[in-house]
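Let me begin by presenting the structure, written as structure tokens, before commenting on it.
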Number of protein chains: 2
Amino acid sequence: MVELRKDPISSGWVIVNKNRDLNCFSKTEIHLHDDKRCPFCSGNEKLTPPQILAYDKSKRKTNDKDWNIRVIPNNKPILAIEGSLLKKAEGIFDKMNGIGAHEIIIETPSHNKSAHSFTVEEYSQIILTVQERIRDLKNDLRFEYILVFKNYGINAGETISHSHLQLVAMPVIPKTVKEEILSGFKYFEYKERCLFCDIISQEISSGTRIITENDSFIAFVPFASRYPFEVWILPKEHSSDFRTINDYRLITEFSSINTSILRRLHKVLDNPSYNLFLHSLPLKENFMQHYHWHVEIIPQIVKTTGFELGTGLYVNPILPEESAKFLREAE
Amino acid sequence: MVELRKDPISSGWVIVNKNRDLNCFSKTEIHLHDDKRCPFCSGNEKLTPPQILAYDKSKRKTNDKDWNIRVIPNNKPILAIEGSLLKKAEGIFDKMNGIGAHEIIIETPSHNKSAHSFTVEEYSQIILTVQERIRDLKNDLRFEYILVFKNYGINAGETISHSHLQLVAMPVIPKTVKEEILSGFKYFEYKERCLFCDIISQEISSGTRIITENDSFIAFVPFASRYPFEVWILPKEHSSDFRTINDYRLITEFSSINTSILRRLHKVLDNPSYNLFLHSLPLKENFMQHYHWHVEIIPQIVKTTGFELGTGLYVNPILPEESAKFLREAE
């Protein structure tokens, strides 16, 4: 039983999924450091569901053990792939079946390699694979949005320590993305400029929160960072769709700035837990002048409490300009 | 330096406070189980800033060691009490000084007593004290909202294990409260009824998510609970302001349902960490026909990950009706 229920008070959706394990605080962490038992390791393919896609080092599709990147369905998915949405009311409440796709992108065959140590070439191949999965899943008209994300380390909710990304296709536009789009829309209506582009201009002219940049991308610590050492990566030129980075130069520059940020975080915070996710426009849109795709990276080094839960206000104990300085000087 | 910064993308405020400790995951937990060193224990009053207020068992104000409830300023407050707001722009961004009050309500002089073991009489005295502090702080016109909350247990961000509530008065209306008020407003505009009152009616007629109720209050697991075993407590009759429970009968019934829920959670989940907070109307409002005050209690037993951060969608591995059944049958 997987169900999507809408909270009429916060307008947010909740996925009720009885087939998921409780990712409990108290449970012994499942960290399979032994590559004999890790289902994501090369040689253990039989421990996972059949693969969706795999590439070897020469970027050729492969079915055998010489894969370099491998995409599999999650064996305990957040949302279920089979069925139709069947939206319905339950008195005052709204619900629908929990339809979606939940895939794992195993980024490397080797157990002990983490994302901060990937080369630009390795990262580029991961990006190309992500884009291929998005292109394919976009054809399923039940889906409204795809989130690509990473949980790295125990405090970020990681359960298998072999480096991987997750991808969830869902039948609703997530609340956080709706909020970003709405802010962008209101700003555009007033200024006729993209809010995100204006933020980038101001960050470039002030310089205090920039960590690094290249021809096409910029990485900075946001002015009102919710978390210490929070980092955003954005394309400098206006673009609402992640799939528009489709040539060699852009993918290389994007991979280069991503791996640079992960290396800096690893160095400054001594291998921190972090969450990383990609925000691009909803699947049924092709271009938005008021939205700007980006990556958010959130190191999980402080705990949130009843204050954050009850207010939605965050307490950041480090000045964003200081976080930026540490990260800027780290390489 | 304490500063409030507004994120133009999410419209949420962030408190940048260099004087706060990082409540780090990695830091050894500060659990002062030794009542010789606990600053909240009776006899250790010199370890805290001077008290704001204290009551003895006979509900008389007291200054000596015979206190039963004691209110003190937090010695490392989230917001600073001195100064003026000085709202200003920094280019595209908005900020102001981080002005507010942050108080600790020590609920009991004894170190080993937790909120789930309080008697109705003890809880009633705590409620009266909270109301007195709200009445007093409401006179400070710099403040727009007061959040009363509790962090119980390590996974809820507790740093001192002696039972206490926290109270933060702040110069902005928090995002979560704004969101609840806006949903209530839209619903009222359409239906001319309170959204929360309608939810209560439906919960009463279905019955499957109710845990317990008395003449004036109801406790249930919300239809779209974000967390397993999440509980809301609301007055059955429409009321937007927590301070309207001002007679003996109402305070007793409210205390009775609160302690009952905390006992049930303690029993079913084996002494879980939890966050508890109170949502009432903003300080400068006197009555809202579209808002309904309530308490939210959130057991911290599952971890949130990049999926929740990136979407604002929550994954709940337990059917709310099942959570409710466990709690209903626990007493």
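The values are calculated or read from the model by the stated rules, or taken from the named source; none is laboratory data. All of these numbers come straight from a predicted model, not from anything done at the bench. Please note: Cβ atoms are built from the backbone with ideal geometry, for glycine as well, and neighbour counts cover all protein chains shown. What goes into the accessible areas is simple: the full protein's heavy atoms, side chains included, and nothing from ligands, DNA or RNA. Shrake-Rupley method; radii C 1.70, N 1.55, O 1.52, S 1.80 Å.
Rg and Dmax of the protein assembly as shown, based on Cα coordinates, read 25.3, 80 Å.
Each Lys or Arg adds one and each Asp or Glu subtracts one; over the other residues with Cβ under 13 Å from the Cβ of A:ASP270, this totals +3. Computed from label points 7 Å out along Cα-Cβ, the spacing between B:LYS88 and B:ILE160 is 3.5 nm. Considering only A:LYS150, A:LYS113, A:LYS303, the mean-square fluctuation computed in a Gaussian network model of chain A, springs between alpha carbons under 10 angstrom, is largest for A:LYS303. Label position 7 Å from Cα toward Cβ: report the copy-to-copy distances for A:LYS46 in nm, one decimal, ordered from shortest. Once sorted, the set of distances for A:LYS46 reads 7.2 nm. Take A:LYS59, push a point 7 Å out from Cα through the beta-carbon direction, and compare it with the same point in every other copy: 7.8 nm, smallest first. Only protein heavy atoms count here; under a 1.4 Å probe, A:LYS178 has an accessible surface of about 110 Å².
Residue order by solvent-accessible surface for B:LYS65, B:LYS95 is B:LYS65, B:LYS95, largest first, with ligands and nucleic acids left out and a 1.4 Å probe. With label points defined 7 Å past Cα in the direction of Cβ, position A:PHE188 shows copy-to-copy spacings of 3.3 nm, given to one decimal and shortest first. Taking a straight line from the alpha carbon of B:LYS57, these lysines sit under 25 Å away, with near neighbours fewer than eight places off in the same chain left out: B:LYS36, B:LYS46, B:LYS65, B:LYS113, B:LYS150. Estimated from helical segments only, the mean residue ellipticity of the protein assembly as shown at 222 nm is -8000 deg cm²/dmol, where each DSSP H run of four or more residues counts as -39500 (n - 2.57).
Above 25 Å, the calculated P(r) of the range A:176-328 contains 31 percent of its Cα-Cα pairs. Please find, in a Gaussian network model of chain A (springs between Cα atoms separated by less than 10 Å), the residue of A:GLY312, A:GLY153, A:GLY83 whose mean-square fluctuation is greatest. Taking springs between Cα atoms under 10 Å, the residue moving most is A:GLY312. Along its three principal directions, the equivalent ellipsoid of the range B:93-248 from the Cα gyration tensor extends over semi-axes of 27, 24, 17 Å, largest first.
Residue-level result for chain B: its Cβ closest to the axis carrying B onto A, with that distance in Å, is B:THR304, 4. When the inverse distances between all different Cα atoms of chain A are averaged and flipped, the Kirkwood radius reads 21.1 angstrom. In the assembled protein chains, B:GLU192 presents an accessible area of approximately 140 Å² (probe radius 1.4 Å). Partner shielding of A:292-304 amounts to 4, given as the average count of beta-carbon atoms from other chains within 10 Å of each residue beta-carbon. Summarising the amide proton neighbourhood of B:ILE218: residues at separation of 5 or more, or on other chains, whose placed amide H is nearer than 5 Å comprise B:LEU234, B:LYS236.
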